[in-house]
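Here's the structure, in structure tokens; my notes come after.
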Amino acid sequence: MVEGPQEFIMVLEKNNPRFTGASQYVLDDELAKIVNVSMALEMPLLLKGEPGTGKTMLAHAIAQSLQMPLIVLNVKSSMKLIEALYQYDTLTRLNDSRFGDSKRNVSDIEAYIKMGKIGQAFTADKKTVLLIDEIDKADTDFQDDMLDVLDQMQFDIIEIDKTIKAKHRPVIVITSNAKKDLSDPFLGRCNFHHIAFPDPDMMRLIVNVHFPKLDDELMKVCITTFYRLRELRGIEKKPATRELINWIRALKSDPDFKPKTLYQGRVPFLGVLFKKSADLQQATQQIIKSRG
Amino acid sequence: MFVNFFYTLRERGIPVTPTSFLRLQKAMHKGLVHSLDDFYTVARSVLVKSERYFDTYDQIFAHHFKNASLEDPTAVELNEVARAMLEEWLQNPKELADLLGIDKDQLKKMTPDELIQYFLDRLKEQTEAHHGGNKWIGTGGTSPTGHSGYHPGGMRVGGVSRNHSAIKVALERRYRDYSQEGPLTQIQMGEAMKRLRRMAPTGPKDIVNVDKTIYETMRNAGEIEIIFDRRLTDRLKVVLLIDNGGWSMEPYIDVVQTLFHYASSQFKDLKIFFFHNTIYNRVWADAQRYYKPQDVDDFIRWDPETRIIIVGDANMAPYELMYPNGSIYLEERQTGPSIERLRFIAKTFRHCAWLNPMTVHEWYYSRTVETIRQVFPMFELTLDGLEKAVTHLTTSGK
């Protein structure tokens, strides 16, 4: 994904890192403000928005721009909070105790405790960015309990009766795809932002970041076509930023392609934009119709 | 302080908590807010926790910080005062304390909560004292908080930047689309599906029952005994009955059908049938209600644990529901009252739910809806309703 030399745009005030954007991510002022406020208030930032609006990318961009390590917790529906904190590897211990061919001390339980993602963020030697991705997949109990841990910045390891305290409070970014709201106590402890789908001007900037040498003409026609395709009726999964980038890449790699084609209303590589076969069919039909 | 702004948000139905309001004050303390622009963004991210309310927020913000759409000009003055009080308090507590004729230390002792209440009370006092409630703040009185009144400390009014672009942004109402609360739209479908997925008994993919294994191993004095559990996910059967006749259901049919076609990937055993208005002897597996009839009597042979979901507006002429020959189709004459059929279904399957695309308020205008509600638990066909229905379907009868 990362192309060319990475340039960090960073303003470092005295011990007060501020986030202004990273080389592969186009940040609008509003979002930058919100990220900075969340860091200053030491609150998790909850991001919602359509798929493809760059929720996850934001955390990567923050980590890159502030030069902090990024720790990603991908939430799964069956996940229990404890897995995100630490794991007690009982199986290895059982194995060691039965066959005894490892160097670990079987009577020392701590040797069998492995940190989960949140645990890693707490015990890291420097400040980290902790991305909790797709929180809506987990059930409400998980969410509330997790927020408790993040609030107090500590958790207990029951097996060895030890409390893990965060050495550095991580910058926490939480993403959610849910249209439905998360629970009230959860929302109460987060700052919230909803990333709207970028408008054409913003999109131009985003494309520019990925294809710095793209012809203006091509850029214009691609973006116009793209937004027109998003307007098509009956599409279940609308093409998003990711699809646009891939589509432009496909167009560029095709030696026979000319911007004129798009002006004529023909759209090559539709399959890159529409991932579901029903959508593809719908889109094809409507494009043919609109060409008359 | 923006107390008034805060209360307006609450009045208009945005769930803003006092805690988050105080957090906003904290953000301002920390010098994170330099302009109205900043305030717009920061206040929204701290106070408003769902994009559904963004549109309302925009409207209130625009209304509050711009007098263009304001009918009562004095509300602006109040804001100026509130803003000024805030500024003063943040920058120079002593000055404000003097102004209010109260000891600074006393003011300091107050928690921010009390302080807010105090300011608000003072503002209310002003209202009553000066213009009989007609205007909030006296403009020529001697009130310390009045606009051009007597204030020894020289209170500055409106120290916040005059940059109005935040208002412009707010007036654009970019979030209008997100404020829809109505019935399910195509976009919301994916989310609704997630709710339905819950109906399939989940549980660890791992089919070893760890708890029992440990227990049995202990009983075996440490000799490992592994206990396996059956997978639960495949058991659930779902039958969907859709009312696809009549103009009233027309707008919803696409949504409903797509919704449950998705469901087929989740539920191994999903049957979809169609009916018109209400159920008589038959339902049909084809949407034309012609080629593939299914006798309702056969339902009794199905697994009683099957989840029955009926989607329909339940709105029809009462005789269609109550009279023995109520069907509006000639070929369906000997039926018995449809309501008996519905009772039969409700008795055969203990997990039933009726989803109604009409909003709850509309239900009360229809007698048949009331009657059917006595037979089936009825839910709105919205995200909330769907969730309730799914909860009901997973728990009822236990």
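Helix A:277-291 and the long axis of chain A differ in direction by around 20°, with both axes built from C-alpha atoms.
On a per residue basis, the range A:205-292 carries 58 Å² of accessible surface, using protein heavy atoms and a 1.4 Å probe.
For the residues A:234, A:54, A:271, a GNM of chain A with alpha-carbon springs under 10 Å puts the largest fluctuation on A:234. Using a probe of 1.4 Å on the protein chains alone, the accessible area found for residue B:322 is around 90 Å². Across B:363, B:284, the residue with the most accessible area heads the list, and the full order at a 1.4 Å probe is B:284, B:363.
Using just its DSSP H runs of length 4 or more, each adding -39500 (n - 2.57), chain A gives a mean residue ellipticity at 222 nm of -13000 deg cm²/dmol after division by all residues.
Between helix A:140-152 and chain A there is an angle of about 70 degrees, using the helix long axis and the longest principal axis of the Cα atoms. Enclosing the Cα atoms of the range A:243-292 in their convex hull gives a volume equal to 70 cubic angstrom per residue. At the listed q of 0.26 Å⁻¹, the Debye profile of the range A:167-261, built from one uniform point per Cα, gives log10 I(q)/I(0) equal to -1.44. Chains B and A together bury roughly 2800 Å² of accessible area, counting both sides, with a 1.4 Å probe on protein heavy atoms only. For the range A:75-120, with the dipole built from +1 on Lys and Arg beta-carbon atoms and -1 on Asp and Glu ones, taken about the Cα centre, which of A:90, A:111, A:79 lies farthest toward the positive end? Farthest towards the positive pole: A:79.
List, in the order given, every pair from A:55/A:252; A:48/A:238; A:48/A:117 whose Cα-Cα distance in the structure shown is over 23 Å. Too far apart for the 23 Å limit: A:55/A:252. For residue B:241, the residues whose modelled amide H falls within less than 5 Å of its own, excluding neighbours fewer than 5 places apart on the same chain, are B:273, B:309, B:310, B:311.
Length gained on full extension, residue A:183 to residue A:208, computed as 0.36 nm times the residue gap minus the Cα-Cα distance: 5.2 nm. Taking all Cα pairs closer than 8 Å and separated by 6 or more residues, the relative contact order of chain A comes to 20 percent. Estimated at 0.36 nm per residue, the fully extended path between residue A:280 and residue A:95 surpasses their Cα-Cα distance by 61.3 nm. Cβ-Cβ distance of residue B:220 and residue B:29, R₀ of 51 Å, FRET efficiency by 1/(1 + (r/R0)^6): the value works out to about 0.20.
Amide hydrogen proximity for residue A:46: with H placed 1.01 Å from N in the peptide plane, the residues at 5 or more positions away or on another chain lying under 5 Å are A:174, A:191, A:192, A:193.
Based on Cα contacts under 8 Å between residues 6+ apart, the range A:102-249 shows a relative contact order of 22 percent. Taking all protein chains together and a 1.4 Å probe, the residues B:239, B:375 rank B:375, B:239 from largest to smallest accessible area. Residue A:274 exposes around 0 Å² of accessible area when a 1.4 Å probe is run over every protein chain in place.
How much length is gained if the chain between residue A:250 and residue A:67 is pulled fully straight, taking 0.36 nm per residue apart and subtracting their Cα-Cα distance, in nm to one decimal?
Residue separation times 0.36 nm, minus the Cα-Cα distance, leaves 62.7 nm.
The candidates A:159, B:216, arranged from most to least accessible area with a 1.4 Å probe in the full protein assembly, appear as A:159, B:216.
Between residue A:266 and residue B:291, the modelled label-to-label distance comes to 3.7 nm, taking each label 7 Å out from Cα in the direction of the beta carbon. For residue A:253, the solvent-accessible surface computed with a 1.4 Å probe is close to 90 Å², ligands and nucleic acids excluded.
The values are calculated or read from the model by the stated rules, or taken from the named source; none is laboratory data. Note that this is a predicted model, so its numbers are computed, not measured. Neighbour counts are summed over all protein chains in view; Cβ atoms, including those assigned to glycine, are modelled from backbone coordinates with ideal geometry. The accessibility values were calculated without ligands, DNA or RNA, using every heavy atom of the protein model including side chains. Shrake-Rupley method; radii C 1.70, N 1.55, O 1.52, S 1.80 Å.
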